[in-house]
Amino acid sequence: MAVAAATRPDLIDRLAAQTAVRESDQLLRRLRTIEHADGPWLQIGDQRLLSFCSNDYLGLAQHPQLVAALKRVASDEGVGSTSAHLICGHRAEHAELEEALALWTGRDRALLFSTGYMANLGVLQTLLAKGDMCVQDKLNHACLLDGARLSGAALKRYPHADLAAAARQLASAGDAAALLATDGVFSMDGDVAPLRELAALCRREHSTLMVDDAHGLGVSGEHGAGSVLAVGLSQHEVPLLMATLGKALGCSGAFVAGPAALIEGLIQFARPYIYTTAMPPALAAAALAAVQLAQSETWRRDKLSALIARFRRGATELGLPLMASTSAIQPLLLGQAETALAATQALQVQGLLVSAIRPPTVPAGQSRLRITLSAAHEEAHVDRLLAALESLPLSRTDS
Ligand SMILES: *Cc1c(COP(=O)(O)O)cnc(C)c1O
């Protein structure tokens, strides 16, 4: 016993070795502390940077109505919900927000989770079990993959948006229950999943379709109801709809919307719902204000679309390596991690904050700048970004 224990690895030493490898591969992540945010302007140390990295697509994160709702409920109810939803944490503000989200997305009911990560773990772990099949797009968000792994179901990942491969994988499930999960708008590529085709495939294969619309809600579709509604898919066709409150809605948290039987089952069995503190009621009130603004202020989506078009036009003229995205996520594919990192650093010198996305977040050789646009930006901001990109030694498609 004692001999075996003496050779037992120290866990923190082992972790430190993994970190050292990441550093020598030039893939180390570094935290940046933002001292102050003022719309798209961020203060970091003594530098004021124009940011193109946030997911605040509609520019709502600092909206006075959200701030007022947060303050009002915090004054009346305090900060913490004091407990999980099923004990005494479920407040009127949560209930009201859930109703508004269900109505907006055209679903029977909605259920709040503290984060999108937990919502996806909760749905997949609750619905799937060993012996089932989970089929996913290779570029799905990490938490969808983690949820499937936790569930014990067999996980198959099809090449990005490859319908034929998805069909083969579902067909291979035999009599097993099967779920196909996809991002609505892909978080690192910005393109939209072939949702209609996937819905038709799931209908043919008697499989359940789940769409994670973290980057679609608020931005796509009439009244911003998201990419599923944008192509007119009903609750029958997409029974599992998940989206976050932390992106276009400018808050934090997430929800799952769908048939009443799904929501009731999640309340009973979803561990990341049951065993965690409910989000602060003041945050739910702020999110409700955000939902109302996202629905009614169409100009935010119109402005964002115009900025996206302006950026793509300018980047095309410059021959920059744009990807096939029409969303607010406009990556420039640079290839090597060092190239992406050098571009980020050069942009920062020019007062612009743009994140480099490197492996393992994206496959090796597909490092990129992930540029995100927001209704909080102005045309002059986009022009400034284009001018800075023009000055970088990036590979051009045509110049
Ligand atoms: C951000 C994101 C999540 C996680 O949501 P959080 O609320 O930030 O935990 C899930 N899925 C996708 C596609 C995302 O982009």
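Among residues of segment 202-222 that are assigned by TED's automatic domain parsing to the domain that holds Tyr117, those with a Cβ under 6 angstrom from a residue that is open to solvent by 10 Å² or more (accessible area, probe 1.4 Å) and away from the ligand (no atom under 14 Å from the Cβ), sequence gap 6+ or separate chain, pair up as Ser207/Ala178; Thr208/Pro239; Ser220/Ala230; Gly221/Leu229; Gly221/Ala230. Of all residues in segment 231-246, exactly one satisfies the criterion of being surrounded by fewer than 21 Cβ atoms within 10 Å (Cβ to Cβ) and within 16 Å of the ligand (Cβ to nearest atom), namely Gly246.
Are any of the residues in segment 124-131 on the phi > 0 side of the Ramachandran plot and either within 16 Å of the ligand (Cβ to nearest atom) or free of Cβ contacts under 8 Å to residues at least 60 places away in the same chain (or both)? Reasoning before the result, please.
Within segment 124-131, the first condition is being on the phi > 0 side of the Ramachandran plot, and the residues that meet it are 131.
Filter once more, so that each one left must be either within 16 Å of the ligand (Cβ to nearest atom) or free of Cβ contacts under 8 Å to residues at least 60 places away in the same chain (or both): 131.
Within segment 124-131, one or more residues are on the phi > 0 side of the Ramachandran plot and either within 16 Å of the ligand (Cβ to nearest atom) or free of Cβ contacts under 8 Å to residues at least 60 places away in the same chain (or both).
Could you check segment 188-229 and list, in sequence order, the residues that are farther than 18 Å from Ala110 by Cα, more than 16 Å from the ligand (Cβ to nearest atom) and of a type in the set (A, V, I, L, M, F, W, C)? The answer is Ala199, Ala200, Leu201, Cys202.
Can you tell me which residue in segment 115-129 is least open to solvent (accessible area, probe 1.4 Å), limited to those that are hydroxyl-bearing (Ser, Thr, Tyr) and in a helix (DSSP H, G or I)?
Going residue by residue through segment 115-129, those that are hydroxyl-bearing (Ser, Thr, Tyr) are 115, 117, 126.
Okay, now just the ones that are also in a helix (DSSP H, G or I), so 117, 126.
Values: Tyr117: 101, Thr126: 40 Å².
Looking at the filtered set, the residue picked out is Thr126.
Examine segment 84-98 for a residue that is under 22 Å from the mean Cα position of the chain (by Cα) and open to solvent by 50 Å² or more (accessible area, probe 1.4 Å), and state whether such a residue exists. Reasoning before the result, please.
Residues of segment 84-98 that are under 22 Å from the mean Cα position of the chain (by Cα), as a first pass: 94, 97-98.
Still in the running and open to solvent by 50 Å² or more (accessible area, probe 1.4 Å): none.
No, segment 84-98 contains no residue that is under 22 Å from the mean Cα position of the chain (by Cα) and open to solvent by 50 Å² or more (accessible area, probe 1.4 Å).
Pairing each residue of segment 287-301 that is closer than 13 Å to Ala100 by Cα with any residue that is in a helix (DSSP H, G or I) and of a type in the set (Phe, Trp, Tyr), provided the two are 6+ apart or on different chains, yields C-beta distances under 7 Å for Val291/Trp104; Gln295/Trp104. What pairs can you find where one residue is in segment 161-185 and in contact (Cβ under 8 Å) with a residue 40 or more places away in the chain and assigned by TED's automatic domain parsing to the domain that holds Arg203, the other is basic (Lys, Arg) and not in a loop (DSSP other than H, G, I, E, B), and their Cβ atoms are less than 9 Å apart, with a gap of 6+ or different chains? The qualifying pairs are Ala173/Lys156.
If a residue must be within 16 Å of the ligand (Cβ to nearest atom) and either open to solvent by 40 Å² or more (accessible area, probe 1.4 Å) or at positive phi (or both), how many such residues does segment 39-54 contain?
So the first thing to find is which residues in segment 39-54 are within 16 Å of the ligand (Cβ to nearest atom), and the list is 53-54.
Narrowing the set further to residues that are either open to solvent by 40 Å² or more (accessible area, probe 1.4 Å) or at positive phi (or both) leaves 54.
The total comes to 1.
A count restricted to segment 149-187 and to residues that are among the aromatic types (Phe, Trp, Tyr) and within 14 Å of the ligand (Cβ to nearest atom) stands at 1.
The values are calculated or read from the model by the stated rules, or taken from the named source; none is laboratory data. In this text, all values refer to a predicted model and were calculated from it rather than measured experimentally. In this analysis, Cβ positions are derived from the backbone assuming ideal geometry, glycine residues included, and neighbour counts consider all displayed protein chains. Just the protein is used for accessible areas: all its heavy atoms, side chains included, with ligands, DNA and RNA removed. Shrake-Rupley method; radii C 1.70, N 1.55, O 1.52, S 1.80 Å.
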